[in-house]
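Just so it is clear, none of the values below were taken in a lab; they were calculated from the coordinates. All values derive from a computational prediction rather than experimental measurement. Here Cβ is always computed from backbone atoms with ideal geometry, including for glycine, and neighbour counts include all displayed protein chains.
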Amino acid sequence: MQYWNDKLKLGKGSRFVKRDLRLLPLTEAEFEADFFLVPSSTRPQELWMGMVITREFDDVLAMDDVQFPPPTVNNLANLLAHAMLRPLTDRDRQRPQRIHLRDRPQWPELFPHLKQLGIEVVLADDLPWFDEAVLEFVQHGTVRHVPLTVMDEETIRDTLKSPFPPG
């Protein structure tokens, strides 16, 4: 079983291959990325979803569920690589100038690698584009054909800011 503090795995065998990412054009784009617990999921079958949103166009560039919750630094690295190499939109593949992340203790191991790719990391308590996308997803979406529990906006926003549970 994976734990939230597992070691970062890069290169061969992972989606985050710096050599491939370095070939992408560095653009002025800004991404927001994080994970959230799907409200209708329960232990031991928790479902965590990760999303990467572009600030300029408010597009979801990548979305992935976490098989072994809670999310780890490897889940974030894979999610970001997916957003850069195979975005869900018709936008070009790119390296963003800046990635906004919620300040979580799981992420710092990835920061030097993003810096090597010319990507600035901004830590924040609030990710407005990400939070809006989650609100829309939770209030109107479904996951694996299971209707999501409708929650009020304030509860969703508070949940997004809370720390991940221990693994």
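Brief remarks on what is shown
- DSSP beta bridge pairing in the range 18-161, given as percent antiparallel to the nearest 5: 60 percent
- Net +/- balance of residues flanking A124 in space, Cβ distance below 14 Å, scoring K and R +1, D and E -1: -2
- Virtual spin-label span in nm between F57 and D90, 7 Å along Cα→Cβ: 0.9 nm
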